[in-house]
Amino acid sequence: MTHWKKLTNPTYLGSYAFQPGEEKALTIASVGQEMVTNPAEPDKKENCIVAHFQQPEKPLILNKTNCKTIEKLTGTPDIEQWPGAGIILCVQRVNAFGELVEAVRIRPVKPYICSDCGGIITGYKDRSHAEIREHTRKEYGRQLCAVCATKAAEARRRNEPAEAQSEPAEMRPHRRRRTAAAEA
Ligand SMILES: [Zn+2]
C-alpha cells in the first residue's frame with residue numbers, strides 16, 4: 001500500500017525529483033494550508049501543510065515528521081515563524097504501513113551559511129551545497145554561496161592584473177616621507 005501523498009505528484013516535490021544521494025538546501029519562503037489534489041484520484045482532495053521555497057523548486061507537502069524537524073530546527077511550532085529558515089531535503093527509505101517507500105525528509109541539521117552574505121549555501125547547477133562549500137573554502141578561505149563565489153571570482157580577476165601593473169601600496173608612504181624629508 002502506498003499513501004497517495006508518496007505518489008509522484010508533479011505539482012509538489014517528491015522523491016522522484018532527487019538524484020540518488022542528492023540533497024537540496026532550500027530557504028522556506030512561506031508555509032500554509034492548501035487543498036492538495038491527488039493526480040491519481042482527482043476527486044480526492046486533502047488539506048495539507050505546504051512549504052514554498054525562495055529557490056526555484058516545487059513546494060513540499062509537509063508531513064508530521066518533517067513539521068517536527070522544522071520545529072526543532074527553528075525552535076518554534078509556529079508556522080508563521082518558519083519563513084526564512086534554511087532546510088536540507090534528502091530522500092530516505094521509510095517504513096509506511098509495513099512497506100519501505102522513498103520519502104522526502106528534512107535533515108535535522110541547519111544548512112551551511114555563506115560567510116559574505118549570511119544566506120544559506122544552496123546547490124548550484126550540478127554542484128551540491130556541500131561541494132560548493134568545500135570548493136569555496138579551498139578557493140577563497142571562507143564558505144560562500146554560489147552568488148558570492150561568483151563575485152569573489154570576479155573581484156579576484158579584476159584585482160590580479162591591476163596589482164601587477166600598479167606600484168605596491170606599501171611603497172607610497174616611503175616616497176611621501178622621502179619627499180617631506182627633502183623639503184624640510
Ligand atoms: Zn553569499
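Pull up region 108-141, narrow it to residues that are among the basic types (Lys, Arg) and modelled with pLDDT under 95, then point me to the one that is surrounded by the fewest Cβ atoms within 10 Å (Cβ to Cβ). Before you say what the answer is, go through the steps one by one.
So in region 108-141, the residues among the basic types (Lys, Arg) come out as 110, 125, 127, 133, 137-138.
Right, trim to modelled with pLDDT under 95 and you get 110, 125, 127.
Working: Lys110: 14, Lys125: 6, Arg127: 15.
Checking each candidate, the answer is Lys125.
If the requirement is being in contact with a strand residue (DSSP E or B) (Cβ under 9 Å, 6 or more places away or on another chain) and more than 18 Å from Glu23 (Cβ to Cβ), which of these qualifies: Ala96, Ala103? Show your work before the answer.
Values: Ala103 fails: more than 18 Å from Glu23 (Cβ to Cβ).
None of the other options fit; the residue is Ala96.
So in region 87-113, with the set limited to residues that are of a type in the set (D, E, K, R) and outside any loop (DSSP other than H, G, I, E, B), which one is nearest to Lys64 (Cα to Cα)? Give the steps one after another, and end with the answer.
Let us first name the residues in region 87-113 that are of a type in the set (D, E, K, R), namely 93, 99, 102, 105, 107, 110.
If we keep only those that are outside any loop (DSSP other than H, G, I, E, B) too, we end up with 93, 99, 102, 105.
Working: Arg93: 16, Glu99: 18, Glu102: 16, Arg105: 11 Å.
Among those residues, the one meeting the criterion is Arg105.
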Seminar exercise, completed: Of the residues in region 66-121, those that are more than 21 Å from Ser30 (Cβ to Cβ), within 16 Å of the ligand (Cβ to nearest atom) and in contact with a Lys or Arg (Cβ under 8 Å, 6 or more places away or on another chain) number 4
Exercise. Which of the residues spanning region 36-83 are more than 18 Å from the chain's Cα centre (by Cα), among the hydroxyl-bearing types (Ser, Thr, Tyr) and within 20 Å of Ala96 (Cα to Cα)?
Worked result: Thr65
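Take Ala153 and decide whether it is under 23 Å from Gln19 (Cβ atoms) and more than 11 Å from the ligand (Cβ to nearest atom).
Details: under 23 Å from Gln19 (Cβ atoms): no; more than 11 Å from the ligand (Cβ to nearest atom): yes.
No, not satisfied.
The values are calculated or read from the model by the stated rules, or taken from the named source; none is laboratory data. Note that the structure is a prediction, hence the values are computed from the model and not measured. As a convention, Cβ positions derive from the backbone with ideal geometry for all residues, glycine included, and neighbour counts pool all protein chains shown.
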